[in-house]
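**Q** Sending over a structure as structure tokens; questions will come in a sec.
The values are calculated or read from the model by the stated rules, or taken from the named source; none is laboratory data. What you are looking at is a predicted structure, and each value in this text was computed from that prediction instead of being measured. Glycine also receives a Cβ, built like all others from the backbone with ideal geometry; neighbour counts cover every protein chain displayed.
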Amino acid sequence: MPHRNIINGTADYMGLPLSMTCKNDEGFFQDILDAIRRNMDKSLERHSQVLFMLFTFSYPSNDHANPMDNIILPGVELPRGNEVFSYFLNQYIRRLNCAGYDVRYLWCREQTEGCDHCHFHLVLWLNRNEIQYFRSMEQIDGYWSQALAHFGIVAHGADTAGLIDRGRYEENGRIQYYGLTVHRGNQQEYAEVFQRASYVAKVASKSACPMRTRSWGCSER
């Protein structure tokens, strides 16, 4: 999807706080911010409480300074397109929907300056009413590993632990790693989730996307 306006020089967008990190100096893409609001609103229209999660997916590296040293199969080059992540996303979203979580999602592709390959951010909004214990959180590593193996990047069954950053959250005074709950009508929770999700809308790190390759996408239904 092509980008349009850039929001810069402000700490909020439409009355909602924006992510405040050193990476946000270049501003935020307005179309991604709008998509975050649209998907969160649609999820809350359907469900009284929604679970928000933000993940970052990385490819393995054979850099000797990297803890994932020698995990990539010999002679394999990492793909320039989004085919590996698209394969993972289709498989994982299907799994979540089969469990009744009524998923809405938004993803962005980024590439840090000086890094040889890209990484992906994934925002999920799930029907919190259907979740007692979210086992799919633990299974996400396996789905990413299967996608890498499907395209011959790693061996089947390879230990790819450490390639997914789940984030860190505080809820009800406790630190946890499975996301935040936002209840319909709770503006404080809504604002906190929007602020966290807005991080993926930052302009920084998105200029390295190859031609004719999508840099982001989201649920449209």
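**Q** Go through the range 91-109 residue by residue and tally those that are under 14 Å from the mean Cα position of the chain (by Cα), surrounded by fewer than 20 Cβ atoms within 10 Å (Cβ to Cβ) and free of Cβ contacts under 8 Å to residues at least 60 places away in the same chain.
**A** The total comes to 1.
**Q** Of the residues Thr181, Thr160, Thr112, only one is at pLDDT below 90, surrounded by fewer than 19 Cβ atoms within 10 Å (Cβ to Cβ) and not small (Gly, Ala, Ser); which?
**A** Every option except Thr112 fails the conditions.
**Q** Pairs only if they're at least six apart or on different chains, beta carbon under 9 angstrom, first in the range 9-30 and touching a residue at least 12 places away in the same chain (Cβ under 8 Å) and closer than 19 Å to Gln188 by Cα, second among the polar types (S, T, N, Q) and assigned to a loop (DSSP other than H, G, I, E, B); list them, first residue then second.
**A** Matching pairs, first to second residue: Leu18/Thr10.
**Q** Is the range 15-33 home to any residue that is on the phi > 0 side of the Ramachandran plot and either outside any strand (DSSP E or B) or at pLDDT below 90 (or both)?
**A** Step one: list which residues in the range 15-33 are on the phi > 0 side of the Ramachandran plot, which gives 15, 27.
Applying the additional criterion that residues be either outside any strand (DSSP E or B) or at pLDDT below 90 (or both) yields 15, 27.
Checking the range 15-33: at least one residue is on the phi > 0 side of the Ramachandran plot and either outside any strand (DSSP E or B) or at pLDDT below 90 (or both).
**Q** Next question, about the same structure. Return the residues of the range 184-212 that are outside any loop (DSSP other than H, G, I, E, B), more than 15 Å from the chain's Cα centre (by Cα) and surrounded by 17 or more Cβ atoms within 10 Å (Cβ to Cβ); say none if nothing qualifies.
**A** Hits for the range 184-212 are Glu189, Tyr190, Glu192.
**Q** Would you pick out the residues in the range 54-83 that are modelled with pLDDT of 80 or more, over 20 Å from Ile36 (Cβ atoms) and touching a His at 6+ places or on another chain (Cβ under 8 Å)?
**A** Ser58, Tyr59
**Q** Looking only at the range 26-38, count every residue that is out of contact with any Cys (no Cβ under 6 Å at 6 or more places or on another chain) and closer than 14 Å to Leu124 by Cβ and tell me the total.
**A** Residues of the range 26-38 out of contact with any Cys (no Cβ under 6 Å at 6 or more places or on another chain): 26-34, 36-38.
Filter again for closer than 14 Å to Leu124 by Cβ, leaving 36.
Residues meeting the conditions: 1.
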